[in-house]
Amino acid sequence: MTGESTLTDGEIARIAGRIDRPVVLVGLMGVGKSTVGRRLAAMLGRSFVDADDAIEEAAQRSIAEIFEEFGEAYFRDGERRVIARLIEERAGVVATGGGAFVDPQTRELILDRAIAVWIDCDVDTLVERTSRRDTRPLLRGGDPKAILTDLLEKRESLYAQAQVRVQSVDGPHTGTARAIIEAVDRWL
């Protein structure tokens, strides 16, 4: 889905004008939600917020520390509140953590009040991308490929509920951002 895009700046501006709510990027860790999200927001002339950064700012601690100290349920509750606030504030493009869309209340909120875009990616690419940093609590103490494969199997049907799906491929993030714009245009 991320072949060569022929979108002109004028077409991108026209599509951006039709987008009447935040675009929320969902998918497994490592698919490029944050990097592609920044590029997408710039192309659409909108703001960009990484929900994980907003959570860390609100909590004054890292996500790994929140997980360690309070557990995943506490983290997901705070994550949902932050995402709700970002949507309410009409953030242009929001990148979520990999597990955000798995939470039923968070998923319902995003589907109801935003445009959910599932950035999908093959597991081998995810393993390579996530190995670059040791900041992912769910990958600690295990085989990343096995963990990511398991997460994808458990989450795929949930991610598939997103209104829009694009495939992330290696290469410039502009290609994935353009594919998102085209897919959102078809969905609208």
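The values are calculated or read from the model by the stated rules, or taken from the named source; none is laboratory data. All values reported here derive from a predicted model rather than from experimental measurement. So basically every Cβ, Gly included, is an ideal-geometry build from the backbone, and we count neighbours across all protein chains shown. Only protein heavy atoms, including side chains, enter the accessible area calculation; ligands, DNA and RNA are left aside. Shrake-Rupley method; radii C 1.70, N 1.55, O 1.52, S 1.80 Å.
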Q: Please find, among D112, D122, the residue that is without any contact (Cβ under 8 Å) to a residue 12 or more places away in the chain and in contact with a strand residue (DSSP E or B) (Cβ under 9 Å, 6 or more places away or on another chain).
A: D122
Q.
Please go through (1) more than 14 Å from L25 (Cβ to Cβ); (2) open to solvent by less than 60 Å² (accessible area, probe 1.4 Å) for R107 and return the number of the only condition it doesn't satisfy.
A. (1)
Q: From A183, A162, A179, grab the single residue that is in a loop (DSSP other than H, G, I, E, B) and open to solvent by less than 20 Å² (accessible area, probe 1.4 Å).
A: A162
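Out of all the residues in the range 150-159, is one or more modelled with pLDDT under 85, farther than 26 Å from A42 by Cα and out of contact with any strand residue (DSSP E or B) (no Cβ under 8 Å at 6 or more places or on another chain)?
The initial filter retains those residues of the range 150-159 that are modelled with pLDDT under 85, namely none.
No.
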Q: Please name all residue pairs, on different chains or six or more residues apart, with Cβ atoms under 6 Å, provided the first residue is in the range 68-83 and is among the basic types (K, R) and the second residue is surrounded by 14 or more Cβ atoms within 10 Å (Cβ to Cβ).
A: R76/D103; R80/T106
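Filter the range 43-57 down to the residues that are of a type in the set (G, A, S) and within 16 Å of the chain's Cα centre (by Cα) and list them by number. Give the steps one after another, and end with the answer.
Going through the range 43-57, the residues of a type in the set (G, A, S) turn out to be 45, 47, 51, 54.
Selection gives S47, A51, A54.
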Q) Condition test on V102, is it crowded, with 23+ Cβ neighbours inside 10 Å and either free of Cβ contacts under 8 Å to residues at least 60 places away in the same chain or within 26 Å of L152 (Cβ to Cβ) (or both)? A) no
